[in-house]
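Before any comments, here is the structure.
The values are calculated or read from the model by the stated rules, or taken from the named source; none is laboratory data. Because the structure is predicted, anything quoted here is derived from the model rather than measured. Heads up, the Cβs are rebuilt from the backbone with ideal geometry, glycines too, and the neighbour counts pull from every protein chain shown. We work out accessible area using only protein heavy atoms, side chains counted, and drop any ligands, DNA or RNA first. Shrake-Rupley method; radii C 1.70, N 1.55, O 1.52, S 1.80 Å.
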Amino acid sequence: MRQFSSMLNGLARSLRGKNSGNDDGREAAEAMAKDAKRNDLILRSSGSVNVDGSNNFASVFSKRGRKGVNQDCAIVWEEFGCQADMLFCGIFDGHGPWGHFVAKEVRESMPSSLLCNWQETLAQASLDPDTDLESDKKQHRFHIWKHSYLKTCAAVDHELEQHRKIDSFYSGTTALTIVRQGDLIYVANIGDSRAVLATTSDDGNLVPVQLTVDFKPNLPQEAERIIQCKGRVFCLHDEPGVHRVWLPDEESPGLAMSRAFGDYCIKDYGLISVPEVTQRHITSRDEFVVLATDGVWDVVSNQEAIQIVSSTPDKAKAAKQLVESAVRAWKKKRKGIAMDDISAICLFFHSSSPLE
């Protein structure tokens, strides 16, 4: 508890002494990212992250589909913000002509922006005389992370719209990210990627707990917002069951998700880049969490996914095993349909060893 308070006070002092505030914070966060990359604490490709002394072990794998360039990308950042007990990971699924550029841009800008906003919000909370940080630390931490995420996603979407080299008018990306801080995880989701936790039930079986909502346009609250904004939601005749978002008077763009970064052609018609932010306390029963793009979940159930991951002896190969299982399932279940890009992160909680 004292360590948490001292961190708050230190951040508060640093912000008091900086008139330019957010600019300095952003530069500091970007410097931390560069330092982390030099020390092999950041992974942006298929592989694994295993830092000595860490309770985390992350496995990452991505495979290009049959639609062109791979528009999925991912990141794992150990010791996020130079905090030994923190980790950031995220998976991004681009779409549209510039989707691969949009996904990579959000992957690059989001962690540093989040770190900056988190530090700033922490410092402001410690300066607020009406905030009792010691009374309910868990709840205050959640509100700080939620506020930081909301501010970050708004800023990232605005910066993307102003980007001179990336055309995001008809292109965008989903974003599913997790911050682990000690025994808590904070999950923020924009789009239709999914996070599934593997936990042990009372009878000793490994069971899935879905941590996120797939933000599809036909969800009642999503459809209501889109229709209120004059957008349209319907399926094409040759795609029964695949609901898409359309402009009021055009058969465009036909997005299969209701939340995304970019896609400014339809941002005035109900598409939003506001994340759903939740938290979960990690216990000894919780084994790992899977973050994966819809290319996995279109053909693999939550239960199948955790069984595939848990039965892989080498944790470093867990994400690859899940992705390759999804590829096989596509060939069986989706004959004649071009396979989507398929990507996954498997984040193990309690062991830093790649082998059980």
Could you check the stretch 170-187 and list, in sequence order, the residues that are open to solvent by 10 Å² or more (accessible area, probe 1.4 Å), part of a strand (DSSP E or B) and closer than 26 Å to Tyr269 by Cα?
none
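For the stretch 155-169, give me each residue that is aliphatic (A, V, I, L, M) and either surrounded by fewer than 15 Cβ atoms within 10 Å (Cβ to Cβ) or farther than 21 Å from Cys116 by Cα (or both).
Restricting attention to the stretch 155-169, the residues satisfying the condition of being aliphatic (A, V, I, L, M) are 155-156, 160, 166.
Hit for the stretch 155-169 is Ile166, nothing else.
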Consider Ala338 against the criteria (1) in contact with an Asp or Glu (Cβ under 9 Å, 6 or more places away or on another chain); (2) within 23 Å of His100 (Cβ to Cβ): it satisfies all of them except one. Which criterion is unmet?
(1)
Among the residues in the stretch 334-350, are any closer than 27 Å to Gly204 by Cα, β-branched (Val, Ile, Thr) and surrounded by fewer than 24 Cβ atoms within 10 Å (Cβ to Cβ)?
no
Look at the stretch 113-149 and say how many of its residues are modelled with pLDDT of 90 or more and open to solvent by 70 Å² or more (accessible area, probe 1.4 Å).
3
Out of all the residues in the stretch 321-333, which are closer than 17 Å to Ile345 by Cβ and either open to solvent by 90 Å² or more (accessible area, probe 1.4 Å) or of a type in the set (Ser, Thr, Tyr) (or both)?
Ser325
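Condition (residue is closer than 26 Å to Lys146 by Cβ, in contact with a Ser or Thr (Cβ under 6 Å, 6 or more places away or on another chain) and in contact (Cβ under 8 Å) with a residue 40 or more places away in the chain) applied to the stretch 298-313: is it met by at least one residue?
First, pick out the residues of the stretch 298-313 that are closer than 26 Å to Lys146 by Cβ: 302.
Among the residues that remain, those that are also in contact with a Ser or Thr (Cβ under 6 Å, 6 or more places away or on another chain) are: none.
No, that holds for no residue.
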